[in-house]
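A.B. asks: What follows is a structure written as structure tokens; I'll ask about it next.
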Amino acid sequence: MFVRPGVLAVLALVTALATATHAQAPADAISVALARNVDGPSRYLVGPIGLTASGRGITALEPTVPALATQPRIVIVGGLDGSPDGTRAVLDLLTWRFAPGTETKNRARWQVAAVPCALPDRCQPIAAGSTAAAGARPSALPIVPPTFPPDKGFYDAAEFREARFLWRWTAMLGPDLVIDVRSGPTLVWQSNSLARDRVAASAAAPPDSFVGALGMGAPSGLAPVPALQVSGPPAQVTRALRTLLEGAGATVPSPMNRVLTARQSRPPLDLARMLAARYPANPAMSYIPALSWSGALRLSAVTGDPQYRERAVAQMTPFLSGEKPAIAEPYLLTSLAGHQAFFDLAESDGNAAADALARRAADFILDGQSDGAIRFATSWTDDMFMATSVLARAAKRTGEAKYAAAVARLLTSYAERLQREDRVFIHAQSGPHAWGRGNGFAAFGLMEALTYLPPSWPARAQVLDSFRRLMNGMRRHQAPDGAWHQVIDEPGTYREFTATAMIVAAMARGVRLGWLDASFQNVVDHGWRAVLARVSETGELVDVCAGTGAGQNATREYYLNRPALFGADDRGGAMALTAALEMQALTGAK
């Protein structure tokens with residue numbers, strides 16, 4: 001978990017640095033150094049932004065609030081060359097940045113984010129009992145530093161996962177300047193083309209270096225950013241950086257900053273319009289297209305623009321006409337959940353064919369089960385949404401108690417088995433880990449039941465309590481940038497898109513309908529900014545977890561290393577559309 005930092009107690013920091021070995025400094029010094037927060041109780045957090053192959057966290061200091069309009073955000077990275085000298089220079093710079101008597105003017109001049117040691121398996125020994133993979137000990141690490149931009153896999157890459165985490169984290173911060181701090185015999189500056197005028201006589205950085213790549217491409221779908229690399233003895237590097245940063249107030253917003261700011265300024269309906277026009281790209285009877293279809297129906301109702309509804313109905317028509325089978329083998333709840341959109345179509349315009357099709361699916365899920373159990377259950381949190389999305393709507397449309405009773409049995413029994421004391425859900429008893437989207441499915445299932453079933457529903461109080469506990473658990477695990485993690489309670493795992501969008505959607509509806517108090521508003525707003533940052537101007541998405549089951553191989557490492565998809569994705573698009581519509585409903589923005 002990220003921890004609240006505080007003022008750099010200079011004496012404590014100097015003592016820590018003086019007594020710690022180079023191997024200990026990154027882990028010990030940054031946590032000791034930020035023991036009290038000079039910038040207020042919630043402006044910075046300290047914690048891991050990624051995990052090495054050995055399981056060690058990559059520690060970072062990260063701001064939790066946007067920089068002021070006149071205040072450049074500067075990212076400082078040490079240790080990419082595997083040397084502890086760069087790490088020491090970064091920590092010395094942080095000491096100066098937060099030292100009593102200087103913090104006010106430094107804070108006004110620039111906002112800092114820092115990774116003192118980007119390759120912690122080199123900076124620190126692997127602890128006894130860690131889950132280090134074979135060959136991942138420091139002695140086995142490649143001597144050649146990683147190249148950028150990273151390719152051939154991402155957070156699950158065979159080597160230099162650190163480069164992937166650093167690349168994405170840097171881009172999602174939208175910095176105005178990035179500085180790569182390394183070791184060397186003499187002071188040497190390198191720069192990319194955007195930063196060439198920042199330091200006199202700086203050499204051109206290699207295009208495949210961190211600094212060079214940041215100036216050449218579009219990391220994470222964003223624009224380039226000026227970047228510098230400085231190497232030399234730690235004391236000289238620290239002095240040079242102080243001189244540079246004392247003039248940083250003149251820094252203009254970087255192209256990356258401008259693009260990210262524009263993304264995060266988009267009104268919810270603007271994002272919804274773009275997503276509804278693009279997703280789903282592959283219509284099928286599944287919960288994924290159904291979320292987009294339901295969103296499109298809702299968007300047309302809100303805006304009065306029929307094009308979104310027409311597109312959705314056109315994609316749904318082959319199932320309505322029987323051209324494509326709506327209920328087909330293999331029977332899966334993920335497929336049957338697609339019928340939620342047909343209930344929504346029937347609700348919106350009385351479409352009799354859609355109503356009949358959706359009711360048939362609801363009955364097929366129950367199929368006369370005398371104990372009220374649902375068929376095709378996996379015992380994963382996925383079921384909480386897949387079945388409830390159809391059965392809760394069936395209960396509202398028909399008034400028949402059997403559907404509401406099945407929802408009650410499903411949600412309460414799953415909460416009893418899968419919701420932990422800390423309020424977070426594990427994915428399944430066979431996968432006892434807090435998978436991000438698994439918690440999103442639990443949130444959506446509880447949310448749908450509370451939305452469609454009446455106040456008189458006997459299980460309402462129990463389900464509402466489970467929902468509130470889950471939302472309280474979620475806000476304890478929100479990352480500094482507002483996102484939620486691939487594994488909710490493992491902050492070193494990547495910041496995953498669908499979990500973030502789903503939690504934002506559920507929390508926003510909870511605030512709007514009075515299930516949650518107003519203290520959640522800031523959590524929702526922070527999460528929404530994280531969603532916006534990860535949706536490009538044409539609908540490409542950043543870090544959507546691949547499909548994930550809780551089978552026999554669902555170990556902790558299985559969840560930690562699930563592939564992260566980058567680009568167009570129907571699942572992520574559907575979740576983002578749902579979040580956008582909930583934000584619009586919460587804010588009332590048109």
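A.B. asks: Being over 23 Å from residue 235 (Cβ atoms), exposed (fewer than 15 other Cβ atoms within 10 Å of the Cβ) and without any contact (Cβ under 8 Å) to a residue 12 or more places away in the chain, is that true of even one residue in the stretch 191-201?
C.D. replies: Yes - at least one qualifying residue is present in the stretch 191-201.
A.B. asks: Would you tally the residues in the stretch 356-373 being closer than 21 Å to residue 412 by Cα and open to solvent by 50 Å² or more (accessible area, probe 1.4 Å)?
C.D. replies: In the first step, residues of the stretch 356-373 are kept if they are closer than 21 Å to residue 412 by Cα; the result is 362-363, 365-373.
Remaining after also requiring open to solvent by 50 Å² or more (accessible area, probe 1.4 Å): 363, 367-371.
Count: 6.
A.B. asks: Residue 145 fails exactly one of the following numbered conditions: (1) open to solvent by 40 Å² or more (accessible area, probe 1.4 Å); (2) more than 18 Å from residue 75 (Cβ to Cβ). What is the number of that condition?
C.D. replies: Among (1) open to solvent by 40 Å² or more (accessible area, probe 1.4 Å); (2) more than 18 Å from residue 75 (Cβ to Cβ), the lone unmet condition for residue 145 is (2).
A.B. asks: What helices (runs of 4 or more DSSP H) completely inside the stretch 374-475 contain at least 3 residues that are buried (at least 21 other Cβ atoms within 10 Å of the Cβ) and touching a strand residue (DSSP E or B) at 6+ places or on another chain (Cβ under 6 Å)?
C.D. replies: Ranges flagged: 436-452.
A.B. asks: Then there is this: Return the total of residues in the stretch 539-590 being closer than 22 Å to residue 289 by Cβ and either of a type in the set (Ser, Thr, Tyr) or assigned to a helix (DSSP H, G or I) (or both).
C.D. replies: Residues flagged as closer than 22 Å to residue 289 by Cβ and either of a type in the set (Ser, Thr, Tyr) or assigned to a helix (DSSP H, G or I) (or both) within the stretch 539-590 amount to 17.
A.B. asks: A further question on this structure: With respect to residue 500, is the statement that it is open to solvent by less than 10 Å² (accessible area, probe 1.4 Å), in a loop (DSSP other than H, G, I, E, B), modelled with pLDDT of 95 or more and touching a strand residue (DSSP E or B) at 6+ places or on another chain (Cβ under 9 Å) true?
C.D. replies: Values: open to solvent by less than 10 Å² (accessible area, probe 1.4 Å): yes; in a loop (DSSP other than H, G, I, E, B): no; modelled with pLDDT of 95 or more: yes; touching a strand residue (DSSP E or B) at 6+ places or on another chain (Cβ under 9 Å): yes.
No, not satisfied.
A.B. asks: Using the structure shown, decide if residue 570 is surrounded by fewer than 24 Cβ atoms within 10 Å (Cβ to Cβ) and closer than 22 Å to residue 282 by Cα. Let's see the steps before the verdict.
C.D. replies: On the way: surrounded by fewer than 24 Cβ atoms within 10 Å (Cβ to Cβ): yes; closer than 22 Å to residue 282 by Cα: yes.
Here the answer is yes, as residue 570 does meet what is asked.
A.B. asks: How about the stretch 297-355: which of its residues are among the β-branched types (Val, Ile, Thr), buried (at least 16 other Cβ atoms within 10 Å of the Cβ) and farther than 20 Å from residue 269 by Cβ?
C.D. replies: Listed by number, the residues that qualify are 313, 327, 334.
The values are calculated or read from the model by the stated rules, or taken from the named source; none is laboratory data. Just so it is clear, the model here is predicted, and its values are computed rather than measured. Methodologically, a virtual Cβ is constructed for each residue, glycine included, from the backbone with ideal geometry; neighbour enumeration extends over all protein chains shown. Heavy atoms of the whole protein, side chains included, go into the accessibility calculation; ligands, DNA and RNA do not. Shrake-Rupley method; radii C 1.70, N 1.55, O 1.52, S 1.80 Å.
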